[in-house]
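Novice: What follows is a single structure, and I will ask about it in a moment.
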Amino acid sequence: MRLVVVLAVLMGVSGIPDVTISPPTASADTSAHPNSIPETADESEQIEAQTEEGAEEDVMATGELNPNHYPARRAAQVVQHYLNTRYGSPFRLIGVQTVHSGNAEDVTDSRRKYQLELSVNDIISNTTQTCSAELSFTKGKGQQPPEVKASCEELLKIDIKAQEEALYQKYKTSQTLMSAQYLPDSHGHIKPDMEPFWHLGILASSFIMLNESTENTLYNVAQVANITQLTTEEDHLEFDCHTLLHEMVSQEIIHWKMLFTWSPAEGVKVLQMKRLPHRHEREKSPKTN
Amino acid sequence: QFLSKLRFSFCRHQVLRLVPKTDGHLSLIRDLHNMIELELDIWREVRDVGSPVDIRVPGHKLKIVKRYLKIYDIQFSTMIKDLQVLLDEEQKAMESASARVPEPRNTDNFDFFRYHNLSEIYSFQDMLVAEKPNLVSKIVIGQSYEDRPLNVLKFSTGGTNRPAIWIDTGIHSREWVTQASGLWFAKKIVTDFGRDPKLTAILNQMDIFLEIVTNPDGYFFTHTNSRMWRKTRKPNPGSRCVGVDPNRNWKAGFGGPGSSGNPCSQTYRGPRAESESEVNSIVEFVKSHNIKAFISIHSYSQLLMFPYGYIRSRIKDYTELNNLAQKAVTDLASLYGTSYKFGSIINAIYQASGGSIDWTYSQGIKYSYTFELRDTGHYGFLLPATQIIPTAQETWLALMTIMDHTLKNPY
């Protein structure tokens with residue numbers, strides 16, 4: 001597993017992401033990926049052969065999507081990550097609530113396009129909004145991050161400016177730099193005044209999760225292992241952050257380190273991101289919370 | 001310094017620290033102590049020059065004592081400004097500490113709103129059996145790799161080899177809300193038997209088997225080492241990586257896509273099907289009992305699923321299981337509005353080969369289901385303990401729907 005050291009400057013709330021990241025490896029070890037070439041097993045040869053009456057989906061869902069099934073769910077998750085990179089804040093975190101309908105099609109040999117009607121909500125204020133989204137995945141060699149188009153401006157209507165300013169001022173003027181570990185802890189507990197930093201860790205991770213997503217992945221932030229404020233002269237707060245991502249299909253926990261900034265005006269900007277090797281590749285196994 | 005709780009109030013009492021700089025100071029302080037009317041209480045004795053002396057002074061004597069010390073130029077500082085405040089805080093801390101971690105003497109005192117460690121769960125199981133010996137017994141179906149007992153609670157009103165329902169939680173150790181829910185289910189069964197007509201009807205004809213910690217080695221490891229551990233803890237020869245995914249180790253499409261041949265992978269299937277004692281014990285148990293419904297509980301994603309995981313084709317009983325799943329998730333949602341999706345494993349979540357319910361279905365156990373409990377990713381595996389009981393309560397409604405259907409549709 002190679003370390004992927006990446007220097008990238010990503011726009012925060014406004015502007016189209018100008019991404020200069022080399023395509024990351026999709027998983028640690030290609031032979032470990034669940035969708036790799038099957039070893040011979042009698043039953044598994046039946047995979048494509050058997051069909052029964054009634055609707056059946058292809059391995060790559062095409063046409064109208066069943067909202068109960070994973071292709072719609074995975075695409076919606078990508079939209080969630082995209083929305084958090086655009087609209088997210090320590091006081092606004094977006095989650096997919098439900099997919100109403102969707103459609104997928106092959107555009108070219110290597111590109112597939114999705115259209116979704118979905119409801120998202122701001123987890124903190126619990127307001128819901130329906131949105132439309134369009135996504136485009138590339139497949140095969142030279143995998144690119146997915147492209148997403150979605151607008152959910154209703155989410156911006158909840159006013160969080162005062163809270164953002166208060167947080168910014170508090171940590172800009174504080175004599176000590178904040179640092180927190182294990183958000184949430186093993187028991188799912190998190191101190192209320194640490195929640196904004198948990199959210200910031202999730203937002204910064206959303207840039208990574210967006211870039212890493214394919215039709216064969218579904219990412220969530222498992223935990224913010226560490227978030228530490230760094231000194232900076234500029235008009236933002238700066239953080240070093242170590243998060244654990246959970247990828248549902250492979251069930252792997254993937255460690256990432258990030259350097260990012262945040263201010264009410266600029267939102268989150270990720271300056272550097274680096275994937276950390278798996279535990280079995282490191283010399284010492286790290287302790288738990 | 002802990003003072004026992006006296007009826008006496010220490011309101012406005014202060015503790016002063018004196019620093020004698022000369023021998024003269026030492027005798028002056030002794031004199032002070034001898035003035036009984038000052039009601040002084042020495043906390044730290046007079047020793048020698050430079051060694052601090054701590055005295056407790058009642059509020060109404062503070063003025064006099066401080067004047068005395070100033071006149072003789074004896075340096076002092078205030079260690080405790082108001083002793084009673086400190087005592088009250090200490091008392092509160094002790095009360096909440098003991099409330100947080102009691103040793104429950106019975107299952108009525110067991111805190112279901114907390115995540116428990118392995119020994120607490122084993123104790124709970126033994127207590128429950130001791131409290132309800134006519135309904136509950138414990139069967140040790142095998143040993144884990146690290147030689148821990150694999151305990152199954154049997155809920156039965158009698159009979160021999162009755163048709164039965166199997167429920168397992170915690171096969172993947174990091175999915176803590178499942179073991180926690182299993183504990184709650186166990187208590188729920190003994191509480192509702194004889195009170196809830198539906199459950200009573202089920203237990204009058206069927207047995208319920210509940211394995212709460214299906215992967216005890218993994219569970220122990222999530223407490224001591226790595227909260228995110230999923231697999232068993234068996235070493236893999238020739239590899240630095242430990243553990244097999246117990247839900248890829250069953251004899252159903254074993255080795256197919258949806259599992260990995262790499263020991264370092266979270267979905268490593270193991271060297272051969274049923275290689276893990278945690279799996280093999282259940283296999284043997286199922287083969288020697290009359291199981292009619294088999295339910296494996298995981299987290300997270302909020303899904304209720306039925307076979308297959310390893311291939312895309314539909315099971316023979318697709319329509320019945322799909323309709324029952326729909327009813328079960330509707331009943332689940334009726335409590336708190338929690339929304340679940342449903343479908344076959346391969347459609348609802350991903351392709352997975354060597355999974356438990358694919359095998360049980362192939363053995364003729366028609367009502368084979370698997371749950372993924374709360375949430376949908378915000379907390380994920382680290383679900384707050386405050387959500388344990390609501391999760392267990394709503395899941396129980398779905399379980400009751402499945403068990404009730406199993407009872408009413410014998411095969």
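Novice: I'd like to know if segment A:44-64 contains one or more residues that are at pLDDT below 90, part of a loop (DSSP other than H, G, I, E, B) and more than 14 Å from every other protein chain (Cβ to nearest Cβ).
Specialist: Yes: segment A:44-64 contains one or more residues that are at pLDDT below 90, part of a loop (DSSP other than H, G, I, E, B) and more than 14 Å from every other protein chain (Cβ to nearest Cβ).
Novice: Among the candidates A:Glu195, A:Glu165, A:Glu154, A:Glu212, which residue alone is acidic (Asp, Glu), within 20 Å of the chain's Cα centre (by Cα) and surrounded by fewer than 21 Cβ atoms within 10 Å (Cβ to Cβ)?
Specialist: A:Glu195
Novice: Identify, from the list B:Ser226, B:Ser239, B:Ser260, the residue that is in the same structural domain as B:Ser137 (by the TED database), in contact with a helix residue (DSSP H, G or I) (Cβ under 9 Å, 6 or more places away or on another chain) and surrounded by fewer than 21 Cβ atoms within 10 Å (Cβ to Cβ).
Specialist: None of the others qualify; the one that does is B:Ser226.
Novice: Does B:Gly309 qualify as being open to solvent by 30 Å² or more (accessible area, probe 1.4 Å), more than 9 Å from chain A (Cβ to nearest Cβ) and modelled with pLDDT of 95 or more?
Specialist: The answer is no for B:Gly309.
Novice: Continuing with the same structure: Free of Cβ contacts under 8 Å to residues at least 12 places away in the same chain and part of a helix (DSSP H, G or I): which single residue out of A:Gln169, A:Gln175 fits that description? Steps first, please.
Specialist: On the way: A:Gln175 fails: part of a helix (DSSP H, G or I).
When all the criteria are applied, what remains is A:Gln169.
Novice: When you scan segment B:316-411 for helices (runs of 4 or more DSSP H) that lie fully inside it, which ones turn up with 3 or more residues that are open to solvent by 20 Å² or more (accessible area, probe 1.4 Å) and within 12 Å of chain A (Cβ to nearest Cβ)?
Specialist: Helices (runs of 4 or more DSSP H) meeting the threshold: B:318-336.
Novice: Still on this structure: Of all residues in segment B:267-302, count the ones that are open to solvent by less than 10 Å² (accessible area, probe 1.4 Å) and within 14 Å of chain A (Cβ to nearest Cβ).
Specialist: Of the residues in segment B:267-302, 5 are open to solvent by less than 10 Å² (accessible area, probe 1.4 Å) and within 14 Å of chain A (Cβ to nearest Cβ).
Novice: If we only count strands (runs of 3 or more DSSP E) wholly inside segment B:204-315, which ones have 3 or more residues that are in contact (Cβ under 8 Å) with a residue 60 or more places away in the chain and within 19 Å of B:Ser353 (Cα to Cα)?
Specialist: In segment B:204-315, the matching strands (runs of 3 or more DSSP E) lie at B:291-299, B:303-306.
Novice: Filter segment B:184-203 down to the residues that are assigned to a loop (DSSP other than H, G, I, E, B) and closer than 19 Å to B:Thr395 by Cβ and list them by number.
Specialist: Correct list: B:Phe193, B:Asp196.
The values are calculated or read from the model by the stated rules, or taken from the named source; none is laboratory data. What you are looking at is a predicted structure, and each value in this text was computed from that prediction instead of being measured. Note: ideal-geometry Cβ built from the backbone for every residue, glycine included; neighbour counts use all protein chains shown. Protein only, heavy atoms only, side chains kept; ligands, DNA and RNA dropped before computing areas. Shrake-Rupley method; radii C 1.70, N 1.55, O 1.52, S 1.80 Å.
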